[in-house]
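Throughout, read-outs are computed from the coordinates displayed, never taken from laboratory work. Nothing here was measured: the structure is a model prediction, and the numbers come from that model. Methodologically, a virtual Cβ is constructed for each residue, glycine included, from the backbone with ideal geometry; neighbour enumeration extends over all protein chains shown.
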Amino acid sequence: MSDLRTINKIVTGMHTQDGAGVKLVRVIGRNDTADFDPFLMLDAFDSRNPEDYIKGFPWHPHRGIETITYLLQGDIEHGDSLGNKGSILDGECQWMTAGSGIIHQEMPQASERMLGVQLWLNLPAKDKMVPPKYHGITKADIPVIDEGSSKIHIIGGNYQGTKGAVEGDYIKPLLLDVEVEPGAEWTIDINRTDNLFIYIIQGEGAFDPAEATYIPEKHAVLFNEGSRLQVKAADKGMRFLLMAAKPLHEPVAWGGPIVMNTKEELDHAFQELKENTFIKHKV
């Protein structure tokens with residue numbers, strides 16, 4: 001009998017605003033760090049009204065984390081203190097390692113629909129102060145495996161021997177965008193002790209063989225340990241993001257856009273911001 005993952009908890013998140021007034025759903029955040037380690041935060045956005053997001057996220061700092069923005073539909077302009085400039089478009093992704101410190105902005109542009117997520121990934125204590133790096137990922141960079149009744153977009157990690165667009169230099173998470181046709185099943189073998197959760201973008205599905213209940217879109221599901229995940233889509237099919245990684249089990253000191261391991265490190269970071277010594281690597 002395979003060691004199937006069972007549901008630990010279902011999360012709906014909360015509606016909030018961030019940046020200069022962007023409306024979003026904070027699916028997981030600072031109260032969930034122990035359960036979702038090393039994933040710190042997941043923000044989801046889905047709007048056809050530009051007024052919900054057009055004010056964007058003007059220039060702001062980050063340290064001690066990686067941010068991964070995945071856009072299914074829309075247009076977000078990016079700029080940072082390393083000199084990177086560009087746009088994230090339909091099916092594209094940006095993977096930014098803040099490391100020792102970066103200042104950037106993300107400015108959504110008016111689109112027919114703005115649909116996507118931003119995931120914060122913690123950095124290990126030993127890597128908190130690595131040089132910052134930006135990786136723009138085009139739709140063509142993301143391998144897609146067609147399994148007949150399912151399609152798997154491999155953003156990060158390795159799936160069935162196929163490498164994703166990014167492996168990751170530190171945490172090396174498995175990040176998949178999975179589409180499952182109506183009524184179809186999909187399974188994946190996973191490292192037994194990795195923390196694993198999914199976020200349902202569209203449709204609904206069942207994730208626990210012992211439970212026939214379908215979980216609707218815009219919900220996250222955290223799973224208990226196990227070596228295999230089994231999924232069954234409902235009548236209208238389902239699309240979800242799968243995120244899995246080995247937990248760090250390290251202390252978290254979180255202050256807004258900066259995440260360190262101790263309060264002293266956090267205070268030092270904010271002092272450097274005041275003294276204009278925060279950025280260690282420039283263009």
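Going through the cross-link list Lys9/Lys85; Lys23/Lys280; Lys9/Lys139; Lys151/Lys280; Lys126/Lys282; Lys163/Lys218, which pairs have a Cα-Cα distance over 30 Å in this structure? Can you show the working numbers first?
Numbers: Lys9/Lys85 39 Å; Lys23/Lys280 32 Å; Lys9/Lys139 32 Å; Lys151/Lys280 41 Å; Lys126/Lys282 22 Å; Lys163/Lys218 28 Å.
Cα-Cα > 30 Å for Lys9/Lys85; Lys23/Lys280; Lys9/Lys139; Lys151/Lys280; rest within.
Below 8 Å, C-alpha to C-alpha, sequence gap of six or more: please give me the relative contact order for the chain in percent. Working shown, then result.
Working: 759 pairs, mean separation 58.5, N = 283.
Reported relative contact order: 21 percent.
Run the dipole for the chain about the Cα centre, Lys and Arg Cβ at +1, Asp and Glu Cβ at -1, nothing else charged, and hand back the magnitude in debye, nearest 20.
Here the size comes out at about 480 debye.
What nm distance separates the two modelled labels at Glu51 and Ala212, each placed 7 Å from Cα along Cα→Cβ?
Taking the two extended label points, one gets 4.5 nm.
Using only Cα atoms and rounding to the nearest 10 degrees, what angle (0 to 90) does helix 263-275 make with the longest principal axis of the chain?
That helix lies at roughly 50 degrees to the long axis.
Which FRET efficiency, nearest 0.05, do Arg228 and Asp90 yield, Cβ-Cβ r, R0 35 Å?
Working from the Cβ atoms, E equals 0.65.
Magnitude of the Cβ-charge dipole of the range 142-250, K/R +1 and D/E -1, about the Cα centre, nearest 20 debye? Working shown, then result.
Numbers: 10 positive and 17 negative charges, 26 e Å.
That gives a dipole near 120 debye.
I'd like to know which of Leu4, Gly148, Ile68 lies farthest towards the positive end of the charge dipole of the chain, counting +1 on Cβ of Lys and Arg and -1 on Cβ of Asp and Glu.
Value: Ile68.
Can you give the Kirkwood hydrodynamic radius of the chain from its Cα pairs, in Å with one decimal?
19.2 Å
Residue separation times 0.36 nm, minus the C-alpha to C-alpha distance between Thr162 and Lys236: what's the value? Walk me through the numbers on the way to the answer.
Values: separation 74, 0.36 × 74 = 26.64 nm, distance 2.81 nm.
Value of the extension gain: 23.8 nm.
Report, in deg cm²/dmol and to the nearest 500, the calculated mean residue ellipticity at 222 nm for the chain, where each DSSP H run with n ≥ 4 adds -39500 (n - 2.57) and the sum is divided by the residue count.
Helices in the chain give a 222 nm mean residue ellipticity of -1500 deg cm²/dmol.
What is the spin-label model distance, in nm, from Thr262 to Lys274 if the labels are put 7 Å beyond Cα along the C-beta direction?
So the two model labels end up 2.0 nm from each other.
Within 10 Å of each candidate Cβ there may be at most 16 other Cβ atoms; applying that plus a DSSP loop requirement, which trypsin sites (Lys or Arg not before Pro) in the range 214-271 survive?
Lys218
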